[in-house]
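Questions regarding the structure given below will be posed in turn.
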Amino acid sequence: MEAIRKQISVRGIAGLGDVAEIKKSFNRHLHFTLVKDRNVATPRDYYFALAHTVRDHLVGRWIRTQQYYYEKDPKRIHYLSLEFYMGRTLQNTMINLGLQNACDEAIYQLGLDLEELEDIEEDAGLGNGGLGRLAACFLDSMASLGLAAYGYGIRYEFGIFNQKITNGWQVEEADDWLRYGNPWEKARPEYMLPVHFYGRVEHTNEGPKWVDTQVVLAMPYDTPVPGYKNNTVNTMRLWSAKAPNDFNLQEFNVGDYIQAVLDRNLAENISRVLYPNDNFFEGKELRLKQEYFVVAATLQDIMRRFKSSKFGCRDPVRTSFEAFPEKVAIQLNDTHPALAIPELMRNLLDIEQLDWEKAWEITTKTCAYTNHTVLPEALERWPIYMFEKLLPRHLQIIYEINQRHLDRVAALYPGDSDRLRRMSLIEEGNPKRINMAHLCVVGSHAVNGVARIHSDIVKTTVFKDFCDIEPEKFQNKTNGITPRRWLVLCNPGLADIIAEKIGEEFLTDLFQLRKLLDFVNDEMFIRDVAKVKQENKLKFAAYLESEYKVKINPESIFDIQVKRIHEYKRQLLNCLHVITLYNRIKKEPNKKFVPRTVMIGGKAAPGYHMAKMIIKLFTSVGEVVNHDPVVGDRLKVIFLENYRVSLAEKVIPAADLSEQISTAGTEASGTGNMKFMLNGALTIGTMDGANVEMAEEAGEEHLFIFGMRVEDVEAMDKAGYNASEYYERLPELKQVIDQISAGFFSPKEPELFKDIVNMLMNHDRFKVFADYEAYISCQEKVNELYRNPKEWTRKVIRNIAASGKFSSDRTIAEYAREIWGVEPSDVKIPPPNEPRE
């Protein structure tokens, strides 16, 4: 313990005064917890005492930051997202405030273990995967770059389900993350706002009025978002649904008071649970209510703040919205908050009484849209009948937007009715639907994809017609990850040896990692990097043994694929490789094999049958492989249960090989790929998403790139993909499929995997067999390099040195300059204990 507890610079210096102060504060919080309650403290009491101690250090900075924004009145950025996948908050807050070492020392002196306390905190799992985690990284970067930014979303009572594996099958459990309370949030009932649903539109002399609506109240809960050591603390504001006190107690409901009070639940269900679909659209009315709920509450909040800002107060009466786009930016994280566009129009037209042209100019200058996928099943297309019932005024506004949009297209392309049909916001059919992506493109001044290859695909396929008309609207903003959580927090050993070589500036300027190229032949550094990796592997192996009672060989390649389970991500390709390895060991049991531990982790959407079957196949293969004495510890197959942010922080630093094997053209960006790269794993992957740019940064020869490129996939789509051709030509593939098909991995139910085999053979949209041969031979190259530890580690160092581009600080600086029209600032707000200037 003593060795680990040396004063690690990247975690802040522990001054004696700080330590004493933290101990005092901790004991005070603990005392108040216990006075109210019991006289014996539990580990959870200790966690809450520490959380409140750290929170005390945030509050002064939080208040001061918001005062500073009020004085300076900068342009404010509003990041609207239905998901914020935050994970745990305690350690991240200590790091960003420079308190980690002082807290570590204080807790140690009190006879407690900081890591043990950190493990008590529940993950805030308010997201499904990439899109929600990206929003969380963006909040960290916006604060660290000194932007006046707000994250707006929903405070789901139940986040992404907890995954249990029972007899090899996924079973879902509700995520009751608020059960013990959340020390990081502050309810703000004084800012509660009404949100309207249903009703009808009445045409009056003052224009249209939306009347006879049902009201739900939106209660804001604020969570502080600290920047890295710059004393900036921004706000994430999540809305919770509350029934008004007169709910269902109006005149028509005279008799049944009890039922009326019970029915309050119906209104409050809006913020009850996160929809657990990743890259899939499920057109449920409750989901549409959630999307409008967050947008309506947020826009009222934005307009209130705009009107009451100092800037606004100089006007005798604030009526001019001329300056709105100079003061307000709204970023739409996918189409989920697309209703911000008609809702802002409704506010400007019906409430502020602007004319259409002015309102539309303000709206388009304010809004910008990020596209996250090109998969057709993920695109939001809401039936018109739902809008008629739920949001009748918004439907009228969308019709008007569409009419003016199509008039413009028709003027540019006279007589091209097919183009009008393709570009309409309304899709004909039964039922008619609203294409939310088209609404976003038409209503925004900027549209971006999330990696270069994805942004190109967006421009040449999904939005080609729109790009023909307004090419300047389309941009790329390659995703990034915050190096605070994804290096300092999860991999302090690596952060430390990097800081020893190049100083600490890389934490706010990740491009500095380039300097590590000077040490690619430094024997000491090579040894240090390998040592840190080995320690991380041992630690993770110990974790697996304590949590899941599985023993693994820490000398083996840790081959890891963690992400949502989806056919396009091709966990099945990984599975086929595992079975192929197994067959090779069985065929030549005396041959020397490079040992591997293959780990897959991730959740399947509860209604996604094929994804659940993929989990069952993988766990079934594990049953066979892990209990075969011939195999021994040369191959182990492990499914990582309940993959989530806090588990990612443990597994990613321990990885040797990162699996990024989606069919080219399907993974918009990926961000897990970047986390593995930064943490010293090598990547086996296709030329898809950000893998393309990772290969460009590090040199393609320093990644294990295989398989079809986008052009090859397109050519195959034209020619037709024939799975049986590969099945007949490749004996190892045939053997694997025959084994799965015959029930080798499910002897009690030989037919169990027939759906998987049938899909792979007859309607595999993602062409698993087409990349099998290239993948297997690429995996042989992995084994070859792993046999030479020094060369392997050299490649690792080159990858870490090349990962600077993939900081979310770089991504956010690009959004700021090229979309929001603001400049990042390195101004350090004075801390609460210093007087303001």
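The values are calculated or read from the model by the stated rules, or taken from the named source; none is laboratory data. This one's a predicted model, so the numbers in the text were calculated from it and none came from an experiment. Here the Cβ positions follow ideal geometry from the backbone for every residue, glycine too, while neighbour counts run over all protein chains shown. Areas reflect the complete protein model, heavy atoms only, side chains present, ligands, DNA and RNA absent. Shrake-Rupley method; radii C 1.70, N 1.55, O 1.52, S 1.80 Å.
Filter the stretch 83-107 down to the residues that are among the acidic types (D, E) and buried (at least 22 other Cβ atoms within 10 Å of the Cβ), then identify the one that is farthest from E21 (Cα to Cα).
Start the filter on the stretch 83-107 by keeping residues that are among the acidic types (D, E), which leaves 83, 104-105.
Of the ones still in play, those that are also buried (at least 22 other Cβ atoms within 10 Å of the Cβ) are 83, 104.
Working: E83: 37, D104: 13 Å.
Going through the qualifying residues, I end up with E83.
While we're looking at this one, here's another question. Any idea which of (1) touching a Ser or Thr at 6+ places or on another chain (Cβ under 9 Å); (2) closer than 21 Å to E659 by Cβ; (3) part of a helix (DSSP H, G or I) is the one L760 doesn't satisfy?
(1)
Name every residue in the stretch 733-757 that is assigned to a helix (DSSP H, G or I), in contact with an Asp or Glu (Cβ under 8 Å, 6 or more places away or on another chain) and either at pLDDT below 95 or among the hydrophobic types (A, V, I, L, M, F, W, C) (or both), in order of residue number.
Within the stretch 733-757, the subset assigned to a helix (DSSP H, G or I) is 733-742, 754-757.
With in contact with an Asp or Glu (Cβ under 8 Å, 6 or more places away or on another chain) added as a condition, the list becomes 733-734.
L733 - this is the single residue of the stretch 733-757 that is assigned to a helix (DSSP H, G or I), in contact with an Asp or Glu (Cβ under 8 Å, 6 or more places away or on another chain) and either at pLDDT below 95 or among the hydrophobic types (A, V, I, L, M, F, W, C) (or both).
How about the stretch 32-77: which of its residues are open to solvent by less than 20 Å² (accessible area, probe 1.4 Å) and in a helix (DSSP H, G or I)?
Passing the criteria: D45, Y47, A49, L50, A51, T53, V54, L58, T65, Y69.
Moving on. H336 passes all but one of (1) open to solvent by 40 Å² or more (accessible area, probe 1.4 Å); (2) part of a loop (DSSP other than H, G, I, E, B); which number fails?
The number of the failed condition is (1).
Collect the residues in the stretch 505-526 that are of a type outside the set (A, V, I, L, M) and either surrounded by 14 or more Cβ atoms within 10 Å (Cβ to Cβ) or in contact (Cβ under 8 Å) with a residue 60 or more places away in the chain (or both), keeping them in residue-number order. Walk me through how you get there before you give the answer.
Residues of the stretch 505-526 of a type outside the set (A, V, I, L, M): 505-506, 508-509, 511-512, 514-515, 518-519, 521-523, 525.
Of everything in the stretch 505-526, those that are of a type outside the set (A, V, I, L, M) and either surrounded by 14 or more Cβ atoms within 10 Å (Cβ to Cβ) or in contact (Cβ under 8 Å) with a residue 60 or more places away in the chain (or both) turn out to be F506, T508, D509, F511, Q512, R514, K515, F519, N521, D522, F525.
Take the residues of the stretch 464-497 that are among the charged types (D, E, K, R) and touching a residue at least 24 places away in the same chain (Cβ under 8 Å): which is surrounded by the most Cβ atoms within 10 Å (Cβ to Cβ)? Please lay out each step first, then the result.
At the first step, the residues of the stretch 464-497 found to be among the charged types (D, E, K, R) are 464-465, 468, 470, 472-473, 477, 484-485, 496.
Then drop every residue that is not touching a residue at least 24 places away in the same chain (Cβ under 8 Å), which leaves 465, 473, 477, 484-485, 496.
Values: D465: 17, K473: 20, K477: 22, R484: 28, R485: 25, D496: 18.
Residue satisfying both the conditions and the ranking: R484.
Just to check your reading of the model, which residue among A715, A695, A664, A668 is of a type in the set (A, V, I, L, M), open to solvent by less than 20 Å² (accessible area, probe 1.4 Å), at pLDDT 95 or above and in a helix (DSSP H, G or I)?
A695
What is the number of the single condition among (1) under 25 Å from D301 (Cβ atoms); (2) modelled with pLDDT under 95 that A378 does not meet?
(1)
In addition: Look through L538, L544 and report the one residue that is among the aliphatic types (A, V, I, L, M) and touching a residue at least 60 places away in the same chain (Cβ under 8 Å). Step through it out loud before you land on a result.
Numbers: L538 fails: touching a residue at least 60 places away in the same chain (Cβ under 8 Å).
Just one listed residue meets the conditions, L544.
While we're looking at this one, here's another question. Yes or no: the stretch 117-125 includes at least one residue that is small (G, A, S), under 30 Å from V19 (Cβ atoms) and open to solvent by 30 Å² or more (accessible area, probe 1.4 Å).
To start, the set of residues in the stretch 117-125 that are small (G, A, S) comprises 124-125.
The next check asks that each one be under 30 Å from V19 (Cβ atoms); those that pass are 124.
Next, only the ones that are open to solvent by 30 Å² or more (accessible area, probe 1.4 Å) stay: none.
No, the stretch 117-125 has no match at all.
OK, next. Would you point out which residue out of F247, F293 is buried (at least 20 other Cβ atoms within 10 Å of the Cβ), more than 31 Å from the chain's Cα centre (by Cα) and either of a type in the set (S, T, Y) or farther than 30 Å from K828 by Cβ (or both)? Even if it seems obvious, please write down each step before you answer.
Details: F293 fails: more than 31 Å from the chain's Cα centre (by Cα).
Answer to the check: F247.
Suppose we filter the stretch 40-74 for residues that are closer than 12 Å to P226 by Cβ and aromatic (F, W, Y); how many remain?
Residues in the stretch 40-74 being closer than 12 Å to P226 by Cβ and aromatic (F, W, Y): 1 in total.
From the list P194, P183, P208, P189, exactly one residue is within 30 Å of P830 (Cβ to Cβ) and either hydrophobic (A, V, I, L, M, F, W, C) or in contact (Cβ under 8 Å) with a residue 24 or more places away in the chain (or both). Which is it? Quick ask: steps written out before the conclusion?
Numbers: P194 fails: within 30 Å of P830 (Cβ to Cβ); P208 fails: within 30 Å of P830 (Cβ to Cβ); P189 fails: within 30 Å of P830 (Cβ to Cβ).
One residue alone meets the criteria, P183.
Of the residues in the stretch 195-216, how many are of a type in the set (S, T, Y) and either open to solvent by less than 30 Å² (accessible area, probe 1.4 Å) or under 14 Å from I351 (Cα atoms) (or both)? Walk me through it before giving the result.
First, pick out the residues of the stretch 195-216 that are of a type in the set (S, T, Y): 198, 204, 213.
Next, only the ones that are either open to solvent by less than 30 Å² (accessible area, probe 1.4 Å) or under 14 Å from I351 (Cα atoms) (or both) stay: 204.
The qualifying residues number 1.
Can you tell me which of R729, R765 is surrounded by fewer than 19 Cβ atoms within 10 Å (Cβ to Cβ), of a type in the set (K, R) and touching a residue at least 24 places away in the same chain (Cβ under 8 Å)? First the steps, then the outcome.
Values: R729 fails: touching a residue at least 24 places away in the same chain (Cβ under 8 Å).
None of the others qualify; the one that does is R765.
Out of all the residues in the stretch 50-77, which are under 29 Å from L110 (Cβ atoms) and either more than 29 Å from the chain's Cα centre (by Cα) or not hydrophobic (A, V, I, L, M, F, W, C) (or both)?
If the condition is that a residue be under 29 Å from L110 (Cβ atoms) and either more than 29 Å from the chain's Cα centre (by Cα) or not hydrophobic (A, V, I, L, M, F, W, C) (or both), then H52, T53, R55, D56, H57, G60, R61 are the ones that fit.
Moving to a separate point now. Within the stretch 432-473, restricting attention to residues that are touching a strand residue (DSSP E or B) at 6+ places or on another chain (Cβ under 8 Å) and among the hydroxyl-bearing types (S, T, Y), which residue is nearest to T364 (Cα to Cα)?
Per the criteria, the residue is S444.
Let me ask you something else. Filter the stretch 574-608 down to residues that are farther than 20 Å from D559 by Cβ and over 25 Å from the mean Cα position of the chain (by Cα) and give me whichever is surrounded by the fewest Cβ atoms within 10 Å (Cβ to Cβ).
Among residues in the stretch 574-608 that are farther than 20 Å from D559 by Cβ and over 25 Å from the mean Cα position of the chain (by Cα), the one surrounded by the fewest Cβ atoms within 10 Å (Cβ to Cβ) is N590.
Right, here's the next one. Grab the strands (runs of 3 or more DSSP E) fully contained in the stretch 164-239, keeping just those with 3 or more residues being under 24 Å from the mean Cα position of the chain (by Cα). Working first, answer last.
Values: elements: 169-173, 193-197, 200-204, 207-211, 214-226.
Ranges flagged: 169-173, 214-226.
Same structure again: Can you spot a residue in the stretch 12-23 that is part of a loop (DSSP other than H, G, I, E, B), at pLDDT below 95 and surrounded by 16 or more Cβ atoms within 10 Å (Cβ to Cβ)? Lay out the reasoning, then the answer.
Of the residues in the stretch 12-23, the ones part of a loop (DSSP other than H, G, I, E, B) are 12-15.
Narrowing further to those that are at pLDDT below 95: 12-15.
When the remaining residues are screened for being surrounded by 16 or more Cβ atoms within 10 Å (Cβ to Cβ), the result is 12, 14.
Yes: the stretch 12-23 contains one or more residues that are part of a loop (DSSP other than H, G, I, E, B), at pLDDT below 95 and surrounded by 16 or more Cβ atoms within 10 Å (Cβ to Cβ).
Still on this model: Answer yes or no: is there a residue in the stretch 772-783 that is among the β-branched types (V, I, T) and not assigned by the TED database to the domain that holds T597. Reasoning before the result, please.
Looking only at the stretch 772-783, we keep the residues that are among the β-branched types (V, I, T), and these are 776, 782.
Those still in the list that are not assigned by the TED database to the domain that holds T597 too: none.
No - not one qualifying residue is present in the stretch 772-783.
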